[in-house]
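The values are calculated or read from the model by the stated rules, or taken from the named source; none is laboratory data. Since this is a predicted model, take the numbers as computed values, not measurements. In this analysis, Cβ positions are derived from the backbone assuming ideal geometry, glycine residues included, and neighbour counts consider all displayed protein chains.
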Amino acid sequence: MTNRTYRVPLRDISHLRLSMADDDGWIEQLNWIPVGASEYHLACRHFPFAVRIVDQRPELGLLVHSRYLVRPLLDKALKWCGVYRPIALRCFPFEVDGLHSDLLSGITVPAGSEHLSASHGISLVDQDGRPSAALIEIHRLLTLLNQSREMFADALDHYLIAELLTPLSGHASGDQLLYVIDRNRFDRMDHAALAAMARHKLLSVDLAVAWTFSLQNLQARCLPESPSHARKQSTAPLASLSQPVSILMDEIALVLDDGELISLDCMDGDLARIAPHPPGSVAANGSGQIA
Amino acid sequence: MIDLRRAMESSSRTQPGRPGESRVPLLGDVLRRRIYSPRSYAQARNAAVVPVVHSECDVLASWFPLVWRCRERHTEFVALRGLVDEERFQPRPARSLLPLILRAYPFVFDHSGTIGPASARMLDDVVADEPTDIGATITTVHHRLSRATQTRFAFMDRFAEDAIATAEIGQALARMDAFEPWPLAFDIAGHRIEVTDLFVIRRAMFEGARLAPLLRQHGLSCARMLSLHRVSLFRAGGLLAAARAALQESCETSGPDVGGPASQHQASPAPQVQLAAEA
């Protein structure tokens, strides 16, 4: 789904069977897959979002290659070890062009796909040549993805207008250029701008927040800003609170008690005596010294 | 079959209450107390429904549903850490992820009014049942707050700073009639687990531009709350899985005596565990 390969409609190859390998190693051949409007709230927990530009139109999707991900989707045996399997992976290697009402003509596969076999695998059509139940479900899901592309279009235009998109770092040479949301710019958007984005639909704001949230799944070296900077900040408990989106799941600050070890025998007095202010204000000077 | 009441027996022994139920003023001998890390206290470890503020959404939404608790016209933004007030019912990787207000524990706010920067700090008068360190005193011999106290007060400052905006957003949503009940009731191993008084934003509110005025007033903090609230709802599945695992673990460790013969429990009504609202 990263390159525009020549695709053929299923009607032309309906005699073939779907023959996926025992492992999921084929996922490593993908960079980016489209995301559906019905799944982006769930997918943002597990995948970084990214936009690709096709025919001058931005399309929203998920990064699935291990070089982008904090947690790989495949184990050493190339078996799936992810949590959520997005629609596009469930429908691989099929796509739908949206131009044909006829299901077998509308669904396409890459010409010469290694996932089709003449001798073994799952049949795509029944004995009467009609689409199988599984294929009908795949068509429904792929149609959802196509509709989602239209639904996201206005929101993505908002991001282009507001210059919220920035190129993704860490590309392999020859890869299509991908873009992620610039969370620093988004964080700087004022109330009026956010309200303007949401004036007709909340989607563009909602999606932008989900997108910034999804970046916790992106390798730090792929982020536009300095990854070392973000990591340094997240190690300090209070600094991490001021940089909430930079906290990766494996960097959750543990709660450690670093107070002085003072003998109770040395203790004297009470807070009222040493702190003439109400208890709610005793830490106001930040130094711990009672003013 | 598991008798949930017996499965929770160890919890009831170590959990005399929820955070803040035994708060005392920071005066006199109280300042001579030793405090330990928040997770040393059963109250902090086990609390299932915990008040949170908007600035925590990015971190907490990865593990816990972020919803509103509404009772007696009071709306509170909360994180649901588990389906039962017991640590084993929380997703294992998230047990060390404490919401801001619990990172300040055993210090708590005076709950007599809306929490804000002027709210008084108090101490929860509880025992650290599982100390993870040797602790630290609240104040030092030099009449200073100890570093441990300073750190916790800083967490409270941060909570208090964002609490007002968080409450205002919740109240505005309530005025817009944006909430609908979020019934969480499960039958697990023949027992009823139910969390009450939780509310979510109605799906229809996200269609159109009904929430745009809120964004104009509260900006990005509101946008994060609204969106990550939706994102976080998917974490309910993780809580359910954790509850099943906890009950399974109880069954395995307690052996066949726990709960008695299955037929007895199938014949009797399942005990209902309800999460009361105080956290």
Practice prompt. Would you mind telling me which numbered condition in (1) more than 7 Å from chain A (Cβ to nearest Cβ); (2) surrounded by fewer than 21 Cβ atoms within 10 Å (Cβ to Cβ); (3) closer than 27 Å to B:W182 by Cβ; (4) at pLDDT 90 or above B:P131 fails?
Written response: (3)
Worksheet item: From the residues in region A:155-201 that are buried (at least 16 other Cβ atoms within 10 Å of the Cβ), more than 19 Å from the chain's Cα centre (by Cα) and hydrophobic (A, V, I, L, M, F, W, C), which one is farthest from the other protein chains (Cβ to nearest Cβ)?
Response: A:A162
Discussion item. Among the residues of region A:130-140, are any closer than 19 Å to A:I13 by Cα, out of contact with any Pro (no Cβ under 6 Å at 6 or more places or on another chain) and in a loop (DSSP other than H, G, I, E, B)?
Written reply: yes
Worksheet item: Being of a type in the set (K, R) and under 17 Å from A:R17 (Cβ atoms), is that true of even one residue in region A:139-151?
Response: no
Item to complete: Would you point out which residue out of B:R81, B:R71 is of a type in the set (K, R), within 30 Å of B:R202 (Cα to Cα) and crowded, with 24+ Cβ neighbours inside 10 Å?
Response: B:R81
Practice prompt. Could you grab me the full set of residues in region A:143-159 that are more than 16 Å from A:V205 (Cα to Cα) and of a type in the set (D, E, K, R)?
Written response: A:R149, A:E150
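Scan region B:95-104 and give yes if some residue there is within 13 Å of another protein chain (Cβ to nearest Cβ) and surrounded by fewer than 18 Cβ atoms within 10 Å (Cβ to Cβ), otherwise no. Step through it out loud before you land on a result.
Taking region B:95-104 and keeping what is within 13 Å of another protein chain (Cβ to nearest Cβ), we get B:95-104.
Subset that is surrounded by fewer than 18 Cβ atoms within 10 Å (Cβ to Cβ): B:95-96.
Looking through region B:95-104, at least one residue is within 13 Å of another protein chain (Cβ to nearest Cβ) and surrounded by fewer than 18 Cβ atoms within 10 Å (Cβ to Cβ).
Can you give me the number of residues within region B:179-237 that are assigned to a loop (DSSP other than H, G, I, E, B) and basic (K, R)? Before you say what the answer is, go through the steps one by one.
Taking region B:179-237 first, the residues assigned to a loop (DSSP other than H, G, I, E, B) are B:182-183, B:189-190, B:196-197, B:202, B:207-211, B:219.
Subsequent filtering for residues that are basic (K, R) retains B:202, B:210.
Within region B:179-237, residues that are assigned to a loop (DSSP other than H, G, I, E, B) and basic (K, R) number 2.
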Item to complete: For region B:25-51, name all the residues that are more than 12 Å from chain A (Cβ to nearest Cβ) and touching a Pro at 6+ places or on another chain (Cβ under 7 Å).
Response: B:Q43, B:A47, B:V50
Worksheet item: In region B:111-123, which residues are facing chain A (nearest Cβ under 8 Å) and either modelled with pLDDT of 95 or more or under 19 Å from B:V30 (Cα atoms) (or both)?
Response: B:S119, B:A120, B:R121, B:M122
Discussion item. I need every pair where a residue in region B:217-240 that is β-branched (V, I, T) has its Cβ under 9 Å from the Cβ of a residue that is outside any helix (DSSP H, G or I) and buried (at least 20 other Cβ atoms within 10 Å of the Cβ), sequence separation at least 6 or different chains.
Written reply: B:V231/A:C44; B:V231/A:R45; B:V231/B:A61; B:V231/B:S62; B:V231/B:L66
Worksheet item: Assuming B:M156 fulfils every condition listed in (1) surrounded by 15 or more Cβ atoms within 10 Å (Cβ to Cβ); (2) at the interface with chain A (Cβ under 7 Å from one of its Cβ atoms) apart from one, which condition is it?
Response: (2)
Worksheet entry | Which listed residue, of B:L228, B:L247, is crowded, with 20+ Cβ neighbours inside 10 Å and more than 14 Å from chain A (Cβ to nearest Cβ) | B:L247
Worksheet item: Can you tell me which residue in region B:134-145 is nearest to the other protein chains (Cβ to nearest Cβ), limited to those that are crowded, with 23+ Cβ neighbours inside 10 Å and more than 21 Å from B:Q43 (Cα to Cα)?
Response: B:L145
Practice prompt. Please verify whether region B:111-127 includes one or more residues that are under 12 Å from the mean Cα position of the chain (by Cα) and in contact (Cβ under 8 Å) with a residue 60 or more places away in the chain.
Written response: no
Worksheet item: Where residues in region A:208-222 are under 11 Å from the mean Cα position of the chain (by Cα) and in contact (Cβ under 8 Å) with a residue 60 or more places away in the chain, which of them is nearest to A:H41 (Cα to Cα)?
Response: A:A210
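State which residue is modelled with the highest pLDDT when the search covers only region A:91-117 and only residues that are surrounded by fewer than 14 Cβ atoms within 10 Å (Cβ to Cβ) and either of a type in the set (D, E, K, R) or not in a loop (DSSP other than H, G, I, E, B) (or both). Don't jump to the end; show me each part of the working.
Start the filter on region A:91-117 by keeping residues that are surrounded by fewer than 14 Cβ atoms within 10 Å (Cβ to Cβ), which leaves A:97, A:99, A:101-102, A:111-112, A:114.
Among the residues that remain, those that are also either of a type in the set (D, E, K, R) or not in a loop (DSSP other than H, G, I, E, B) (or both) are: A:97, A:102, A:114.
Working: A:D97: 80, A:D102: 82, A:E114: 86.
Here the answer is A:E114.
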Worksheet item: Which residue out of B:S232, B:S250, B:S221 is hydroxyl-bearing (S, T, Y) and in contact with an Asp or Glu (Cβ under 8 Å, 6 or more places away or on another chain)?
Response: B:S221
Worksheet item: Quick check: anything in region A:35-48 surrounded by fewer than 22 Cβ atoms within 10 Å (Cβ to Cβ) and among the hydroxyl-bearing types (S, T, Y)?
Response: yes
Worksheet item: Can you pull out the residues in region A:78-90 that are more than 16 Å from the chain's Cα centre (by Cα) and either touching a residue at least 60 places away in the same chain (Cβ under 8 Å) or surrounded by 15 or more Cβ atoms within 10 Å (Cβ to Cβ) (or both)?
Response: A:L78
Discussion item. Consider region A:203-215. How many of its residues are at the interface with another protein chain (Cβ under 7 Å from one of its Cβ atoms) and surrounded by fewer than 24 Cβ atoms within 10 Å (Cβ to Cβ)?
Written reply: 2
